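The values are calculated or read from the model by the stated rules, or taken from the named source; none is laboratory data. Here the structure is a predicted model, which means the values were calculated and not measured. With ideal geometry, Cβ positions are generated from the backbone for all residues, glycine too; neighbour counts draw on all protein chains shown.
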Amino acid sequence: MIVKLVLAILGVALLAAVTAAVIAAASTRNETVACLDDATKVLQRIAPDPPNGIPEEVTAAAKCVAVVPRLLKGRFRLTAPRGKGVVTCRNLEGWSAPAFFTFSDGLWLPRFGVRDMSLIVVVMGQNARQLLSTKKIEIGTDVSAIGGPIGRHVAPENYYRLNREMLTYSISKGAFAPVSLEGATIREDRRSLVAIYGRAAVMQAALSGRLPVPPAARPFLAVVDGIVQRKSILERTRRLRTYVRMVRSEHFGRRF
């Protein structure tokens, strides 16, 4: 009788544990999908405005693009803001399946004096994928970073910024601006990776193109690709217009 009672209690406890695990996994998946949706909206906010957006030279050379849709302040004043982020890297077929990470700012709150802030990180370094595939990166120690240039093109006085491994931007209250993330930490978000891809998922597998793109990530990748392609098309269009003006000028100059 006692044995049956113990087995029954263990069975109930096991069922409760399995149920809790399933609920937690579903909750993590929902949060991760929401992060993808929010990241897509963040990029859409800067995409239509090239003069106040990311320069074409930056998007053309970008190896990876990361977005932290929302930084959350802690309960206490000295608590560093944290957030969940998504990143994709270029490969031979376009852009990789997204990987997920957590972001925490090591220099606490005074730099982030507003409640609602999003971050965009453009990774420029040749070893970008290897850097992001590590379980933890400290900006300023493991990788060089600087606030990125803004505008249709990079001004000559800002060319030196293109030599950094990461260019960082913020969006707050509709304003798009460079931001310093010195001291911030990026960590692999294993829970989100497992929730989307399954047990064996790690950042390296996603960013190297070994994992398929989940349906929920397609809008995000389309916006990333659209920003790069749109800027390339705009640049070719401007060059064509310049050429046409030059030809017309030479033609009419000879004629008259």
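Annotation: of all residues in region 150-200 being polar (S, T, N, Q) and buried (at least 16 other Cβ atoms within 10 Å of the Cβ), the one that is nearest to SER104 (Cα to Cα) is THR185. Within region 205-222, being under 16 Å from the mean Cα position of the chain (by Cα) and either crowded, with 17+ Cβ neighbours inside 10 Å or aliphatic (A, V, I, L, M) (or both) holds for ALA206, LEU207, SER208, VAL213, ALA216, ALA217, PHE220, LEU221, ALA222. Scanning region 40-92 for residues that are among the polar types (S, T, N, Q), within 24 Å of VAL143 (Cα to Cα) and either at pLDDT below 80 or surrounded by fewer than 23 Cβ atoms within 10 Å (Cβ to Cβ) (or both) returns THR59, THR79, ASN91.
Within region 113-133, at least one residue is in a helix (DSSP H, G or I), at pLDDT 75 or above and of a type in the set (S, T, N, Q).
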